[in-house]
Structures are given as C-alpha cells and as structure tokens.
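The values are calculated or read from the model by the stated rules, or taken from the named source; none is laboratory data. Just so it is clear, the structure is predicted and the values come from calculations on it, not from any experiment. FYI the Cβ positions are ideal-geometry reconstructions off the backbone, even for glycines, and counts take in every protein chain you see.
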Amino acid sequence: MLLLSLGVSAILIFQAAEVWIATRRIQSGQLALIERGAELLPGNGEAWDRVGRFRQLDFASPDSSLAVNAYEKAVRDDPHSSYYWMDLASAYEDVGDLARARSAYERADAAYPVSALVAWNYGNFLVRRQDYSEGYKKIRQAVAIDRKLTPLAISRTWRSSGDVNVLLNEALPPTQDAYLQTLNLLASIGETDAALTAWQRLVGLGKPLALSDAFPFLDKLIALDRSGDALRVWKQALAAAGLPADDAAKQSLIRNGDFSRDFANGGLDWRWNAPLGVAAAFDSPPPSKEGRSLRLDFTAGVNLALDVPSQFVPVQPNSAYHFHAELQAKEVTTDSGVRFWIGDPNHAGAVNVLTDNFTGTHPWTSVDADFASGPETHFLVVRLARNPSSMFDSKLGGTAWIAGVSLVPSIQTSSAAP
C-alpha cells in the first residue's frame, strides 16, 4: 500500500509539474514556448487560439496559414467557443478562403446566438463580401444587443451604402437612441438632407424628446441658413418635448419675448450664458404689461462685453421688420451702457441695427427700430449688447431691466414666416 501510494503521488506530482510548466510556457509571451506548452496540454483550445493570434498578428512576419492550423486545433479542442470560431473565420478570410470563413462565422453564431460581438463581426464580414442585406441584418442585431456599437454601425453602414433609408431601415433598430445618434453624426459631417430624414424618423416614433436633443442639429441649420427647415424642426421639437408652440396670435417672430417662460438656452429660444460680473433674475413687468422682465445686476467689478440674452430668428430676405422692446436702467455706470443689436449671423454687414445706449437712470422706455433684411438674410440674431468702456474708471455697475421684446414684419402677410 505504501509503495502504491508513493507511485500514485509520483504520477500526480509529475502531472501537476507538467501542467505548471505548460501553463508557464503558454503565458510566457514567446511563440515557441507557447507552442510547446500547447503540445503539453492536449485539449486546451485556449493555448492553440493564443498560438494562432501570435501567428496572425505578428507585425514582423505574420503567417495566416500557420494561424489557420492553430485555430483549427483550438476549435477541435473546444467546438463550443464562439471566440475560437471567429478567430478561425478571420484567418480563413486572410488566406482568401471565403467559403470556410463564412462557415466559421456561422458556427460562431450558432455557438453564441445572442452575442453582440459575434453578430457584429459576422455582419461586417458579410458587408465586406457585398452581401449587404444579410450583413446589415447582423449589424442591426448587434446594435440591438449592445447600443455602444451604434456609432460604428452608423458610420460603417453610411460609408458602404450612402443611403440614409438603408441605414435606418436595415442596419439600425427603430429606437430613439439610434435615430438621435444618426441625426447628430450625419449633421456633423454635413449630410443635412439625410439628417433631416433621420429627424423625421426620430419624431415619427411619437416618444417624448428633450428639447435640448434638437439643439446641435438646429445650430447646423442656422449656420447653413436653412431657416424653413430650422423653423419646422423647432416646432416639431417643441411638440415632442411637450412644450407650448409659439403664440401665433402675438405675430412676433421672437419666442418668449415677454419672458413668461424660463430660457431654453438653445434652438430658436433665448440663449443665456452668464458672463462674469452679471447676475440675472426675472422680475415684474412694466406697468400694464404681461409676463415678466429680465433684471440684470452689474456687480461693478468688470468692464465686460455683453452679448446675451440672444435669440436666432428665422426671417425672409428683402423684407421690412419692426423691432420693439421695453428697457429700464438704474445707475448704470460708465459711458457704455446697454442696448440691443440686431444683425445677420451668416452675412456680415447685411443687417446692422444698434439701438440707443442706456446709461445712468431711465424709467421704462420703449426701444424701437425699423429696418430691412438683406437679399440673402434668412436669420437674424437679436441680443442685448454692451461694448467694453474706454473710460479710466470703466467698471460697469447698476441694474438694467428688459421686457416685451418683439420682432414683426412691417406689413403682415402670409409670407411672414419662412
């Protein structure tokens, strides 16, 4: 019994030592040792897969044929591993054996049918082989499982098809996230018409949408002077966000000109980015006026340049407009006070309206201006403005209020809205 026990122990020790040596070789990072370790551990698919990767991805002297041999041993040892089948498929594609590559991807898909990675790699293989219908189907499956693949799916499908309808119908699941990412990516690369299609699909889902989600696209439309598209997207965005539409009865093209609602800070609403030295709050409106006023308290510590609040307004070219606002000032210091500036953001000099400079103390006063848009003007920007003072004691102090801001066509016609 003692001799038998010693013999069994010796065998176990030998086997353990062999496993230890093989494992150390496999983890060595040296191809020759990894191969010798794999040979010591029959049935170890991971070892042969590692050998295949070394052979296939060797920057100095890659050898896909030897990689195929190693991967074939890996799937023979473990035929249920989707990863080994994908590696084998990649090596088959490298050596030009596309039929076996497709078969290997099918085996990977069968081994792990809910894997986003398998579906993604298989789909891209099919697209490379110009089997677009099946390829996009697999890409769509991958994105449905793992939404982090959405940007890659959009860019690769757009690059291979150049058709936004193919992208939305075949390669992406019909989700708000997928359509919104499509919108932003297409807008960012200047594919505005395709982005508009993605926007229509997005709002067509009928799901609530944050108004700010539309801001990047609206900024692109403003920069491109596409006022009609911007106005349509804005109205749809308001509806999707559950917000009230512009009040057509007031006829003004300025949204929220009575400051009755908080600033949206983007799109075709007021934008506010508080500069240093200004504190803003809503206050009472002028006598007999509705809504609220915007109060600006200047802390007398900065000779600031002011260009907010501001709003982009879609307009018609070669058209007459009337601007109106109410302004009040109390102890506004320096020679440079506050005033309104109206201009064309995309065509320098086409429109340049500057109202009277308010300094010192003034009761509520009407500020009005009549002007015409330029021949290429599709947007105006209306903003409260203040240029830095050139005085020695130039620190701005005091308080200013604005209210009742409006912009209307001088002759009300059906073409007033772009």
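Among the candidates Asn318, Asn265, which residue alone is surrounded by fewer than 18 Cβ atoms within 10 Å (Cβ to Cβ), in a loop (DSSP other than H, G, I, E, B), of a type outside the set (A, V, I, L, M, F, W, C) and not assigned by TED's automatic domain parsing to the domain that holds Leu380?
Asn265
All but one of (1) within 15 Å of Arg383 (Cα to Cα); (2) among the hydrophobic types (A, V, I, L, M, F, W, C); (3) not assigned by TED's automatic domain parsing to the domain that holds Met391 hold for Ala305; state the number of the condition that does not hold.
Here Ala305 clears every test but (3).
Anything in segment 198-230 that is small (Gly, Ala, Ser) and assigned to a helix (DSSP H, G or I)? List them, or say none.
Ala198, Gly204, Ser212, Ala214, Ala223, Ser227, Gly228, Ala230
If you take the residues in segment 284-315 that are in contact with a Gly (Cβ under 6 Å, 6 or more places away or on another chain) and crowded, with 18+ Cβ neighbours inside 10 Å, which one is nearest to Leu218 (Cα to Cα)?
Restricting attention to segment 284-315, the residues satisfying the condition of being in contact with a Gly (Cβ under 6 Å, 6 or more places away or on another chain) are 285, 289, 298-302, 304.
Then drop every residue that is not crowded, with 18+ Cβ neighbours inside 10 Å, which leaves 285, 298, 304.
Numbers: Pro285: 30, Phe298: 32, Leu304: 29 Å.
If we take residues in segment 284-315 being in contact with a Gly (Cβ under 6 Å, 6 or more places away or on another chain) and crowded, with 18+ Cβ neighbours inside 10 Å, then Leu304 is nearest to Leu218 (Cα to Cα).
Strands (runs of 3 or more DSSP E) wholly in segment 321-418 with at least 2 residues that are surrounded by 15 or more Cβ atoms within 10 Å (Cβ to Cβ) - which ones?
Output list reads 339-343, 360-372, 379-385, 397-409.
Would you please name the residue that is surrounded by the most Cβ atoms within 10 Å (Cβ to Cβ), looking only at residues in segment 175-213 that are over 12 Å from the mean Cα position of the chain (by Cα) and of a type in the set (D, E, K, R)?
Checking each candidate, the answer is Arg201.
Scan segment 182-205 and give yes if some residue there is outside the structural domain of Glu93 (by TED's automatic domain parsing) and closer than 30 Å to Glu106 by Cα, otherwise no.
Within segment 182-205, one or more residues are outside the structural domain of Glu93 (by TED's automatic domain parsing) and closer than 30 Å to Glu106 by Cα.
Would segment 76-95 turn up any residue that is within 24 Å of Ser160 (Cα to Cα) and surrounded by fewer than 18 Cβ atoms within 10 Å (Cβ to Cβ)?
Yes: segment 76-95 contains one or more residues that are within 24 Å of Ser160 (Cα to Cα) and surrounded by fewer than 18 Cβ atoms within 10 Å (Cβ to Cβ).
Anything in segment 96-138 that is aliphatic (A, V, I, L, M) and surrounded by 17 or more Cβ atoms within 10 Å (Cβ to Cβ)? List them, or say none. Walk me through how you get there before you give the answer.
Of segment 96-138, the ones aliphatic (A, V, I, L, M) are 98-99, 101, 104, 108, 110-111, 114, 116-119, 126-127.
Hits for segment 96-138 are Ala101, Ala104, Ala108, Ala111, Ala116, Val118, Ala119, Leu126, Val127.
Would you check which residues across segment 231-240 are farther than 20 Å from Trp272 by Cα and either crowded, with 22+ Cβ neighbours inside 10 Å or out of contact with any strand residue (DSSP E or B) (no Cβ under 6 Å at 6 or more places or on another chain) (or both) and list them?
Passing the criteria: Arg232, Val233, Lys235, Gln236, Ala239, Ala240.
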